[in-house]
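Remarks on the structure that follows.
Every number here is computed from the coordinates shown, using simple stated rules; none is lab data. Being a predicted model, the structure only gives us computed values, none of them experimental. Here the Cβ is made from the backbone with ideal geometry for all residues, glycine too, and neighbour counts use every protein chain on show.
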């Protein structure tokens, strides 16, 4: 534990076949008071490695990113939770900023391990993510990509569908400046594989909401996604990587709505 008098921090990580990432991930947060790994029955060495690293490991059937992360939060002992993915790393600079912010604002008196903030103190902190993509860090398209990942357990709850989960907190939110390093796609193949997986879940969310039937989703949304990533978010300044990110982001949108439309059609045929 840090010499700083800060509240206790629990780190939560959800995993599925992350043996290539989990060791370095846990090493980057070894300073935390508790590390919880909720694993969706990996078939590789993820669980073995996490246990070796001293994490508290639970295996649980995957029920969507939102529900899985909420389950991990519910089982955390610390008053503060830092959620990261297996392909993310907390740098020494980010660790120092996290501990400094919590020590300054949230542990003024008494037991720092259980200190709670006053009404004016932040109940959560957003963290920028610096994303590694096919050999280099992205400086524009996916930057700063802020995520609310550090939050008070009693004030925060995961929201959203089975993908694109988000954290909602009851109280003020502040910004940290040191980035969380995100090794999301080391190769283009990684990106394509992820697109196929996430669009399956995204299409299911659309169908459950009764959305995704209109052909206009396939006509308007993909080019809008490309324009946003390449021009508005300045992916054009990221060279060929920015162009590929914009194209594949548009492809992600296309596949999600195409799969949703296919599911709607199949359901209609079953009922007829």
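Below 8 Å, C-alpha to C-alpha, sequence gap of six or more: please give me the relative contact order for segment 187-271 in percent.
So the answer I get is 40 percent.
What do you get for Rg/Rh of segment 148-272 when both radii come from the Cα atoms and Rh is the Kirkwood radius?
Radius of gyration relative to Kirkwood radius: 1.04.
Could you line up 73, 40, 272 from fewest to most neighbouring Cβ atoms inside 10 Å?
Ascending Cβ contact count within 10 Å gives the list 272, 40, 73.
Full extension from residue 187 to residue 214: what is 0.36 nm times the residue separation minus their Cα-Cα distance, to one decimal in nm?
Working it through step by step, the gained length comes to 6.4 nm.
How high is the relative contact order of segment 19-178, given as a whole-number percent (alpha carbon pairs under 8 Å, six or more residues apart)?
Relative contact order here is 24 percent.
List 216, 80 from most exposed to least, where exposure is judged by having the fewest other Cβ atoms within 10 Å.
Final ranking by Cβ density, sparse to dense: 216, 80.
Only Cα pairs under 8 Å and at least 6 apart count here; give the relative contact order of the chain as a rounded whole percent.
18 percent
At 1.306 mPa s and 10 °C, plugging the Kirkwood radius over alpha-carbon pairs of segment 37-179 into Stokes-Einstein gives what diffusion coefficient in µm²/s?
Estimated via Stokes-Einstein, D reaches 96 µm²/s.
Helix 239-271 sits at what angle to the longest principal axis of the chain, using alpha carbons and giving 0 to 90 degrees rounded to 10?
So the helix axis and the longest Cα principal axis differ by about 70 degrees.
Can you sort 44, 205 so the residue with the fewest Cβ neighbours within 10 Å comes first?
In increasing order of surrounding Cβ atoms, one gets 44, 205.
Output the 0 to 90 degree angle, nearest 10, between the alpha-carbon long axis of helix 216-227 and the longest principal axis computed from the alpha carbons of the chain.
50 degrees
With n ≥ 4 as the cut-off for DSSP H runs, can you work out [θ] at 222 nm for the chain, using -39500 (n - 2.57) per run divided by the number of residues, rounded to the nearest 500?
-12500 deg cm²/dmol
If N is the number of residues in the chain, what value comes out of its Cα radius of gyration divided by 2.2 N^0.38 Å?
Against the empirical 2.2 N^0.38 Å value, I get 1.07 for the chain.
Helix 65-74 sits at what angle to the longest principal axis of the chain, using alpha carbons and giving 0 to 90 degrees rounded to 10?
Roughly 20 degrees, rounded to the nearest 10.
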